[in-house]
Amino acid sequence: MPKIIFNGLEKTKTVTIREGKTILQAAKQGNIALRHKCGGNASCGTCKVYIPNQDNLSSPQPIESRRLGDEEIEKNMRLSCQTIVYGTVEVNIPEDPFRARVRALLEEARSGL
């Protein structure tokens, strides 16, 4: 059975799933906080993940390409709700934009002291 290795959290977490499930389904199964608003319909784009090695995955679907654009697809970004897993894969979860901004502001405030 395929394993999904999730990076970008406080610690790395591995989830074992059945072949043919999506990365978002694996994240839900493993109680991994992966942002998503539309319930897996590829209409919001919030479940973006970076996958360096695209082996063992479905090819980007047209809806995914429209949502992300060719540039992000070429940079190995995928929508977790549309990416089907056929074997073990490593997934990097980007930092939440709101958290990144708060972290940057805090670092800026600390350096100004």
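Name the longest site-free stretch of the chain, where the excluded sites are GluC sites (Glu not before Pro) in a DSSP loop with no more than 11 other beta-carbon atoms within 10 Å.
On the way: sites that count: 10, 19, 95.
Value returned for the longest uninterrupted segment is 20-94.
I want the local charge near residue 45. Using Cβ-Cβ distances under 15 Å, sum +1 for each Lys or Arg and -1 for each Asp or Glu among the other residues. Spell out each step's value before the answer.
On the way: positive: 35, 37, 48, 66, 67, 75, 78; negative: 64, 70, 71, 72, 96.
Net charge in that neighbourhood comes out at +2.
What Rg and what Dmax come out for segment 3-111 when only alpha-carbon atoms are used, in angstroms?
14.4, 48
With springs only between Cα atoms under 10 Å apart, run a GNM on the chain and tell me which of 25, 61, 82 wobbles the most.
Judging by the Gaussian network model, the answer is 61.
Filter the trypsin sites (Lys or Arg not before Pro) in segment 66-98 to those in DSSP coil with at most 14 other Cβ atoms within 10 Å of their Cβ, and list the result. Show your work: numbers first, answer last.
Numbers: sites: 66, 67, 75, 78; in loops: 75.
Hits after loop and neighbour filter: 75.
Counting pairs of alpha carbon atoms under 8 Å apart in space and at least six apart in sequence, what relative contact order in percent does segment 3-111 give? Please list the in-between numbers first.
Working: 175 pairs, mean separation 37.2, N = 109.
Rounded, it is 34 percent for segment 3-111.
With +1 on each Lys and Arg Cβ and -1 on each Asp and Glu Cβ, how big is the dipole of segment 3-111 about its Cα centre, in debye rounded to the nearest 20?
Details: 17 positive and 13 negative charges, 96 e Å.
So the magnitude is around 460 debye.
For residue 75, give me every one of the lysines with a C-alpha distance below 16 angstrom, ignoring sequence neighbours fewer than eight places off in its own chain.
Once the sequence-local lysines are set aside, what remains near residue 75 is 48.
In what sequence do 80, 111, 59 fall when counting other Cβ within 10 Å, fewest first? Write down the numbers at each step before the final one.
On the way: 80 27, 111 7, 59 10.
Taking fewest neighbouring Cβ atoms as first place, the list is 111, 59, 80.
What angle, in degrees between 0 and 90 and rounded to the nearest 10, separates the Cα long axis of helix 97-111 from the longest principal axis of the Cα atoms of the chain?
For 97-111 against the chain, the angle is about 30 degrees.
Coordinate-derived values only; no laboratory data. Predicted model, so just to flag it, every value in this text is computed and none were measured. Cβ sites come from the backbone with ideal geometry, for glycine too, and all protein chains shown count toward neighbours.
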